[in-house]
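**Student:** Sharing a structure, written as structure tokens. Questions coming.
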2 protein chains.
Amino acid sequence: MKKITVSKGAVLQRKGDINSNVFIVEDGLLRSYTIDDKGKEHIYMFGPENWFVADNCEPNTPGELFIDAIEDSILKVYSKEELLKESPDINALLRRLNTMQTRILMLMSSSAKERYEHFIKTYPNITQRVPLKMIASYLGVTPEALSRVRHELSQRE
Amino acid sequence: MKKITVSKGAVLQRKGDINSNVFIVEDGLLRSYTIDDKGKEHIYMFGPENWFVADNCEPNTPGELFIDAIEDSILKVYSKEELLKESPDINALLRRLNTMQTRILMLMSSSAKERYEHFIKTYPNITQRVPLKMIASYLGVTPEALSRVRHELSQRE
DNA sequence: TTCCTTTCTTGATGTACATCAATGCACAAG
DNA sequence: CTTGTGCATTGATGTACATCAAGAAAGGAA
């Protein structure tokens, strides 16, 4: 762990960086965000005092998020490895957080069709095991809308 | 930890229960979901083999989610206290998961206005510290839309 | 101060998805 | 077999929000 001071506007991490730092905000304000394919910014979270901010990607895989300082800030910086040493159970939780992160970014930036395509890639087996209306409910759309998406996708072949 | 077998349709937890179990799915399929004020169901997650399913509420506060079995399932059941004993750091992560959970449910079930109202309740200070467009980006709406929501709310007094 | 940049607001129009309603299919129970 | 009940599909219509465009207000740097 080391403590650093950054000024407003400082960039702590870029999307695509292989970088597994966890920031704990002592004072100031961070934000983490992504930029989608249309160039639009989506803020994933704000990090005010006493929050921790991190891109919850697996260690040693490229990150999804940008992290920067909205105000002058004082931060404690941990490496993820450092935290994992303390307790390996944390690994499962981190993976779970990652799933949630992806889900939030999907809900904010993707259309029903894109969300469905992502879903069948991520959970190919589940698609066969549950009724369509449950998948719709998971994706945040109505069964009618999902049915039309499905129809559209099957046409396109 | 104990191991249990449940059959399709079994309800493991209801919204409002004070119940801090964590289920690890050995075989079968669980789902967790909420029901909003309009009576609409929103699936928070599916729990296939090797997933863990839990309502990430603080221990000893009422849960947000229903959890039930979509297929006959074999589960390992842990109490949250049991996990916390292993490593107190997990607490911070659980709190974080809870924030994510709330966020996902908001994105799936609430209008822009409701999301904004929830935001200013949860982060009253941040509202003053960041430009509106960032809040819009966090909420998943355009600055224009948020501006109109704000206008509407200020009228109503 | 003036200029420049960024933020916020307001209006007009477009669109993805919701809602409502009807029909067709399964599969389960009698 | 027949009847019922829940699920999926399709069409017609409604609406919340996005997009596009223009102007007003609010700092920041010279």
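**Student:** Rounding to the nearest 20 debye, state how big the charge dipole of the stretch B:2-106 is about its Cα centre with +1 on each Lys and Arg Cβ and -1 on each Asp and Glu Cβ.
**Tutor:** For the stretch B:2-106, the charge dipole is close to 160 debye.
**Student:** Between A:60, B:54, A:118, whose Cα lies farthest towards the positive end of the dipole of the protein assembly as shown when Lys and Arg beta carbons carry +1 and Asp and Glu beta carbons carry -1, centred on the Cα centre?
**Tutor:** Going by the Cα projections, it comes out as A:118.
**Student:** Can you give me the convex hull volume of the Cα atoms of chain A, divided per residue and expressed in Å³?
**Tutor:** Output value, Cα hull per residue: 136 Å³.
**Student:** Of all the accessible heavy-atom surface of the stretch A:110-155, with the other protein chains kept in place and a 1.4 Å probe, what percent is carbon and sulfur?
**Tutor:** 53 percent
**Student:** Here is a further query. Looking at the stretch A:22-54, which GluC sites (Glu not before Pro) are DSSP coil and have at most 11 other C-beta atoms within 10 Å of their C-beta?
**Tutor:** Here no GluC sites (Glu not before Pro) fit, given the DSSP loop and packing criteria.
**Student:** Sorted from shortest, what are the nm distances separating the label point of residue B:37 from equivalent points in the other copies, each placed 7 Å from Cα along Cα to C-beta?
**Tutor:** 3.7
**Student:** Step through the table entries A:133/B:15; B:15/B:38; A:3/B:121; B:80/B:113; A:85/B:3; A:76/A:121, compare each Cα-Cα distance with 26 Å, and write down the pairs that go over it.
**Tutor:** With Cα atoms farther than 26 Å apart: A:3/B:121; B:80/B:113; A:85/B:3; A:76/A:121.
**Student:** Rolling a 1.4 Å sphere over the protein heavy atoms, what is the accessible area per residue of chain B, to the nearest Å²?
**Tutor:** 49 Å²
**Student:** I would also like to ask the following. Chains A and B: how much accessible area gets covered up at their contact, both sides added, probe 1.4 Å, in Å² to the nearest hundred?
**Tutor:** The summed interface area works out to 4000 Å².
**Student:** Please name the residues of the stretch B:123-157 whose accessible area, counted over protein heavy atoms with a 1.4 angstrom probe, falls by no less than 30 Å² between the chain alone and the full protein assembly.
**Tutor:** Buried-area filter returns B:123, B:126, B:129, B:130, B:134, B:137, B:138.
**Student:** Amide H to amide H under 5 Å from residue B:44: which residues, 5+ apart in sequence or cross-chain, H placed 1.01 Å off N in plane?
**Tutor:** Those qualifying (amide H under 5 Å, at least 5 residues apart or on another chain) are B:32, B:33, B:34.
**Student:** Under 20 Å from a point placed 7 Å out from the Cα of residue B:15 along the Cα-to-Cβ direction: which residues of the stretch B:104-120 have their backbone N that close?
**Tutor:** Residues B:104-119 fall inside that zone.
**Student:** Expressed as a whole number of Å, what is the distance separating the alpha-carbon centroids of the stretch B:98-155 and the stretch B:52-71?
**Tutor:** Centre-to-centre distance over Cα atoms comes out at 26 Å.
**Student:** Mean residue ellipticity at 222 nm from the helices of chain A, using -39,500 (n - 2.57) per DSSP H segment of n ≥ 4 over the full residue count, to the nearest 500 deg cm²/dmol?
**Tutor:** That calculation yields -12000 deg cm²/dmol at 222 nm.
The values are calculated or read from the model by the stated rules, or taken from the named source; none is laboratory data. Just so it is clear, the structure is predicted and the values come from calculations on it, not from any experiment. Every residue, glycine among them, receives a Cβ derived from its backbone with ideal geometry; neighbour counts consider all protein chains shown. Keep in mind that these areas ignore ligands, DNA and RNA; they rest on the heavy atoms of the full protein, side chains included. Shrake-Rupley method; radii C 1.70, N 1.55, O 1.52, S 1.80 Å.
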